[in-house]
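**Q** After the C-alpha cells below, expect a handful of questions from me.
The values are calculated or read from the model by the stated rules, or taken from the named source; none is laboratory data. Source: prediction; values computed, not measured. Because the Cβ atoms are built from the backbone with ideal geometry, glycine has one as well, and the counts that use them run over all protein chains shown. These area figures cover heavy atoms from the full protein model, side chains too; ligands, DNA and RNA do not enter into them. Shrake-Rupley method; radii C 1.70, N 1.55, O 1.52, S 1.80 Å.
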Amino acid sequence: MVSAPATPTPTPSEDTDASPRLGSRRLQDVVIAIEAMNKWYGAFHVLRDISLQVHRGERIVLCGPSGSGKSTLIRCINRLEEHQSGRIVVDGVELTNDVRHVEQIRREVGMVFQHFNLFPHLTVLENCVLAPIWVRKEPRRVAEERAMRLLERVKIPEQASKYPGQLSGGQQQRVAIARSLCMQPKIMLFDEPTSALDPEMIKEVLDTMISLAEEGMTMVCVTHEMGFAKTVADRVIFMDQGQIVEENDPHTFFTNPVNDRTRLFLSQILHH
Amino acid sequence: MAVFEAKPALPPPVLTRGPVGWARQNLLSSPLNVGLTLVGVVLIVALVVPAVDWALLNATFRGTTADACTGTGACWPFVTTRLDFFVYGFYPPPERWRVNVLFALLALVIVPQLLPRFPGRRALAVFGFLGLPVLAAVLLLGGIAGLPFVETGKWGGLMLTLVLAMVGILAALPVGVVLALGRRSKMVVVRVSCTTFIEFWRGVPLISVLFMASVMLPLFLPEGVNFDKLLRALIGIIMFQSAYMAEVVRGGLQAIPRGQFEAAHALGLGYWRTMGLIILPQALKLVIPGIVNTFIALFKDTTLVLIIGLLDVLGSVQAAIVDPAWNRVAVEGYVFAGLCYWVFCFGMSRYSHALERKLQTGHKR
Ligand SMILES: Nc1ncnc2c1ncn2[C@@H]1O[C@H](COP(=O)(O)OP(=O)(O)O)[C@@H](O)[C@H]1O
Ligand SMILES: [Mg+2]
C-alpha cells in the first residue's frame with residue numbers, strides 16, 4: 001500500500017531529543033541540506049543566502065508573498081533552476097553541473113506543479129508508467145501494477161485509460177501526484193498544487209497530500225492553504241524578497257509570529 | 001384576475017432541411033447571395049462544360065497514331081501509347097517488372113495506413129521507413145542477386161518522380177527534426193552550425209541547388225571522382241527540404257509549454273527521452289499541416305530535376321511533345337502529368353486530415 005520507501009512513523013514516546021522547532025516527531029538524517037545558497041536571474045538577486053535543512057519524514061510548508069522566490073527555491077532542489085553559489089545536497093548527493101548527479105537526484109525527488117503539467121498526448125496510465133519504464137527500466141507489467149495501485153490511492157483508477165484533457169483540474173492534479181509517486185521518490189516537492197484549482201476541488205487534492213504526509217513522506221510544499229499547514233506541517237517557513245524571514249512550528253508561527261512582515265502576510269492571508 | 005389564454009400556434013418553420021432547405025439557407029439567403037450563386041453557376045457552366053466536352057465527349061480514346069484523332073477534343077492515344085515511357089522513362093522494358101514490384105510494395109505500405117483498423121499497420125509503417133528504401137534501391141539499381149544493373153540515367157517518368165519524392169520525404173523529416181533540435185540547443189557550436197545550415201539552404205533557390213549539384217560540384221571534385229547525378233540531385237533536395245522542415249518543426253517545438261519540459265525533467269528523463277517521448281510527439285502533431293505542406297511542395301519541386309537532364313513524369317511528357325509525329329498534341333500530356341501530381345498531393349492532404357483527427361486526445365490549446 002505504501003509505495004514510497006517510507007520511514008517508520010515515529011511514535012510520540014520517541015519524541016525526546018528532537019530539536020524544539022522540529023515539532024512532535026523525532027527526526028533522523030538530513031535529506032535536503034541547503035547552505036548559504038544564492039541565485040540570480042541576470043542582475044536580479046532572487047534568492048539570498050538561503051540555508052535550510054530538511055530531515056527525513058519532515059513536512060515543510062513554504063509560504064510568502066508572490067514573487068518572494070518560493071518556486072525558485074524548491075525548483076533549485078531538483079535543479080529545474082541552477083543556483084550560483086552555496087551548496088545543495090540532496091540525499092547525500094551534491095547538485096553540481098554533473099548531469100549524472102542531477103539525474104540521480106531527480107529520480108529520488110518527485111515534483112507536483114501548479115499547472116499539473118501532465119503529458120496531454122498520453123493516457124493517465126501511460127503518464128504514470130512512462131518514467132518508471134524509461135528511467136527506472138522497470139518491466140511494463142510491474143510499472144502498470146504499481147500505477148494502478150497509486151491511482152486507486154488517489155481515488156481515480158477508473159480514469160486510467162482517459163487522456164488528461166478529459167479530466168477535471170482536481171483529477172488531473174491527483175494524477176500528477178500519482179505520476180510522481182510511481183517513481184517511488186524519497187522526497188516530494190509541491191509548488192502551489194491547489195492554486196490553479198476551483199475551490200470545490202481543492203479538498204480532494206489536499207486530502208491526497210495529507211494521506212501522503214501521514215505515511216511519512218518527506219514533503220516540501222509551497223502553499224497558501226494554511227489549514228493544511230496547521231494540520232500536517234512540522235515547520236512553516238516564511239519567505240520574503242528572496243530570504244527566509246521566519247521559520248517555526250505551525251502553532252507558534254500562526255499564533256505568535258515574530259517578524260512584522262510575517263504578521264502582515266498572515267493578516268492578509270487569513271482575513272481576506 | 002389574469003386568465004390563461006392560449007396564444008395561437010406559430011406557423012411551421014420554413015423548410016431548413018433537405019436539399020431545398022440547404023440551398024435556401026446557404027445559397028439564396030439574401031439578394032447578394034442570390035447574385036453570387038448565379039455568378040457561380042455561370043462560371044461553372046462556362047468552365048466545366050467545355051472541359052468535359054474536350055476531355056471526354058469529343059475526345060478520342062482509341063488508336064495508336066496521331067491520325068486516329070479526328071475529333072475536336074483531346075487526343076488520348078498520345079498518352080496511352082506512351083504510358084510506359086511516362087511511367088518508367090528509359091528503364092529497360094524487360095526489367096520493368098522490378099518497378100512494378102516496387103509500386104506494389106509502396107501500395108502495400110501506404111494503403112493500410114489509411115485504414116485505421118488494419119492489422120499490422122504499424123509494422124508495415126516501420127518497414128516502409130526502414131526496410132523499403134533499402135529494398136527499393138536493390139530492386140531498382142540491381143547489380144546483385146541476379147538482377148541486371150540499371151544505371152540511374154535510365155530511370156525516368158513517374159517512377160523517378162516517386163523515387164525523388166519518397167527519398168526526399170523519408171530523409172527530410174528526420175534531418176529536419178535533428179536540425180530543429182540543434183537550432184534550439186544550449187550548445188553554441190551545435191546551435192550556430194544548425195542555424196547557419198538552415199539559413200544557407202533556405203536562402204538559395206532549389207533550381208540553383210540542383211544546378212550546382214549537377215554542374216559545379218564535379219568541377220570541385222578531384223579528377224576521376226564522379227558520383228551519380230541522381231544521387232547528387234537527391235542530396236540537394238534533401239538539404240533544401242530539410243531546412244524547410246526544420247523551421248516547421250521548430251515552430252511546433254516552440255508551441256510546447258515549458259511545463260512539459262519541466263515535468264519530464266523532474267521525472268528524471270534526460271534530454272533525448274524528454275524530446276523523443278514527450279516533446280516531439282506533441283510538437284510534430286501540432287505541425288502536421290505544416291509538415292504535409294512541405295511534403296506536397298517537395299513532391300512538386302522534384303520536377304525541377306528537369307533542368308539537370310533527369311526526366312521525371314513532367315520531363316518525359318515534355319520530351320514526348322517534341323515528337324513531330326504528334327505535333328498537334330501537347331495539352332493532353334500536361335493534363336496527364338498534372339493529374340499524376342494531383343493524385344499524390346491530394347492523397348497526402350487527405351491523409352494528414354485523417355491523422356490529425358485520429359491524434360486528437362481531447363486537449364485543445
Ligand atoms: N526565469 C526567470 N527569469 C527572470 N526572473 C524570474 C524568472 N523566474 C522568476 N523570476 C522572478 O523571480 C522572482 C521569484 O519568482 P518565484 O520564485 O516564481 O516567486 P514565487 O513562487 O514566490 O511567487 C520573481 O520576482 C520573478 O519575477
Ligand atoms: Mg510560485
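**Q** Wrap a convex hull around the Cα atoms of chain B, take a quarter of its surface area, and give that in square nanometres.
**A** Its Cα hull, projected and averaged over all orientations, spans 33.4 nm².
**Q** Counting only residues 5 or more places away or on other chains, whose amide H sits under 5 Å from the amide H of A:Met188 once H atoms are built in the peptide plane?
**A** A:Gly110, A:Thr218, A:Met219, A:Val220
**Q** Continuing with this model, one more query. Give the aspartates and glutamates whose C-alpha is closer than 20 Å to that of A:Lys155, dropping any in the same chain fewer than 8 places away, or say none.
**A** A:Glu126, A:Glu144, A:Glu145, A:Asp198, A:Glu200, A:Glu204, A:Asp207, A:Glu214, A:Glu215
**Q** Expressed in nm², what is the orientationally averaged projection area of the convex hull enclosing the Cα positions of the range B:267-365?
**A** Average of the hull's projected areas for the range B:267-365 equals 9.5 nm².
**Q** State the three equivalent ellipsoid semi-axes of the protein assembly as shown, derived from the C-alpha gyration tensor as the square roots of 5 times its eigenvalues, in descending order and whole Å.
**A** Those come to 64, 35, 22 Å.
**Q** Here is a follow-up. Mind listing the long-range amide H neighbours of A:Asp240? Cut-off is under 5 Å, sequence gap 5 or more, other chains count too, H placed in the peptide plane at 1.01 Å from N.
**A** A:Val245
**Q** Please report the spacing between the Cα centers of the range B:284-361 and the range A:124-200 in Å, no decimals.
**A** 47
**Q** How far apart, in nanometres, would the label points at B:Ile144 and B:Phe346 be if each is projected 7 angstrom from Cα along the Cα-to-Cβ direction?
**A** 4.0
**Q** Now for a different question. Fully extended, how many nm does the chain gain between B:Val178 and B:Ala325 (0.36 nm per residue separation, minus their Cα-Cα distance)?
**A** Full extension of this stretch gives 47.8 nm more.
**Q** If the cut-off is a Cα-Cα distance under 21 Å, which lysines reach B:Lys229, setting aside same-chain residues fewer than 8 apart in sequence?
**A** Partners found: B:Lys154, B:Lys300.
**Q** Lone cysteines in chain B, going by a 4.7 Å Cβ-Cβ cut-off?
**A** Taking the Cβ cut-off of 4.7 Å, the unpaired cysteines of chain B are B:Cys194, B:Cys340, B:Cys345.
**Q** Just to make sure I understand: if all protein chains stay in place, what is the order of A:Lys230, B:Lys7 by accessible area at 1.4 Å, largest first?
**A** B:Lys7, A:Lys230
**Q** Calculated FRET efficiency, B:Phe220 and A:Val93, Cβ-Cβ r, R0 56 Å, to nearest 0.05?
**A** 0.55
**Q** Before anything else, pin down the relative contact order of chain B: Cα pairs under 8 Å, at least 6 apart, normalised by residue count, whole percent.
**A** Rounded, it is 17 percent for chain B.
**Q** Once label points are set 7 Å from the Cα along Cα→Cβ at both A:Glu200 and B:Ser193, what is their separation, rounded to one decimal in nm?
**A** 5.8
**Q** Would you please name the GluC sites (Glu not before Pro) within the range B:210-319 that are DSSP coil residues with at most 15 other C-beta atoms within 10 Å of their C-beta?
**A** Here the GluC sites (Glu not before Pro) that fit, given the DSSP loop and packing criteria, are B:Glu223.
**Q** Let me ask another. Could you state the orientation-averaged shadow area of the convex hull built on the Cα atoms of the range A:30-270, in nm² to one decimal?
**A** It is 12.9 nm².
**Q** Can you compute the modelled spin-label distance between B:Lys358 and A:Glu158, with each label point 7 Å from Cα toward Cβ, in nm?
**A** Placing both labels 7 Å along Cα→Cβ, they lie 3.1 nm apart.
**Q** Given R₀ = 56 Å, what would the calculated FRET efficiency be for B:Phe90 paired with A:Arg149, taking r from the Cβ atoms and rounding to 0.05?
**A** For R0 = 56 Å, the calculated efficiency reads 0.25.
**Q** Given H placed on each backbone N at 1.01 Å, which residues far from A:Asp91 in sequence or on other chains put an amide H within less than 5 Å of it?
**A** A:Ile32, A:Ala33
**Q** Going Cα to Cα from A:Lys186, which lysines come in below 21 Å? Please leave out same-chain ones fewer than 8 positions away.
**A** A:Lys70, A:Lys137
**Q** Evaluate E = 1/(1 + (r/R0)^6) for B:Leu231 and A:Arg100, where r is the Cβ-Cβ distance and R0 equals 41 Å; express this FRET efficiency to the nearest 0.05.
**A** Calculated transfer efficiency: 0.45.
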